[in-house]
1. Looking only at residues that are of a type in the set (Asp, Glu), open to solvent by less than 90 Å² (accessible area, probe 1.4 Å) and in a helix (DSSP H, G or I) in segment 49-95, which one is nearest to ALA26 (Cα to Cα)?
2. Restricting attention to segment 30-48, does a residue exist that is surrounded by 11 or more Cβ atoms within 10 Å (Cβ to Cβ) and under 24 Å from the mean Cα position of the chain (by Cα)?
Amino acid sequence: MTHLLLTATVTPSEQNSSREPGWETAMAKDILGEAGLHFDELNKLRVLDPEVTQQTIELKEECKDFVDKIGQFQKIVGGLIELVDQLAKEAENEKMKLWGSAFFSSLETDIAPR
């Protein structure tokens, strides 16, 4: 188990002049901040700086938006691929019809009396 010992040296002149309300709390927050510990908006002790925490939350939201947009893109591209496949099949069918009709035309010209 690790124990964290926080100490602060306050001169007598600082003690007398720092008697504003909340000066102890501010000093404790400064000392904890120097040790890498911070209080959040609910006064819970946190290891991360509140600014870093906020940036992390924003990055998480941006990543979620990005993943959602990628999902939409994949759906659009999937639909486009299906459409192109369908058109390719139709083109192949038409090509086969043309070849068939050309073949039968050539047969007719070969069979026709000369």
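1. Residues of segment 49-95 of a type in the set (Asp, Glu): 49, 51, 58, 61-62, 65, 68, 82, 85, 90, 92, 94.
Keeping just the survivors that are open to solvent by less than 90 Å² (accessible area, probe 1.4 Å) gives 49, 58, 65, 68, 85, 92.
Among the residues that remain, those that are also in a helix (DSSP H, G or I) are: 58, 65, 68, 85, 92.
Working: GLU58: 28, ASP65: 38, ASP68: 43, ASP85: 68, GLU92: 78 Å.
The selected residue is GLU58.
2. Checked segment 30-48: at least one residue is surrounded by 11 or more Cβ atoms within 10 Å (Cβ to Cβ) and under 24 Å from the mean Cα position of the chain (by Cα).
The values are calculated or read from the model by the stated rules, or taken from the named source; none is laboratory data. Keep in mind that this is a model prediction, so the values were computed, not measured. For neighbour counting, all protein chains shown are included, and Cβ atoms are generated from backbone atoms with ideal geometry for every residue, glycine included. Ligands, DNA and RNA are stripped out before the accessible areas are found, and what is left, the full protein with its side chains, is counted by its heavy atoms. Shrake-Rupley method; radii C 1.70, N 1.55, O 1.52, S 1.80 Å.
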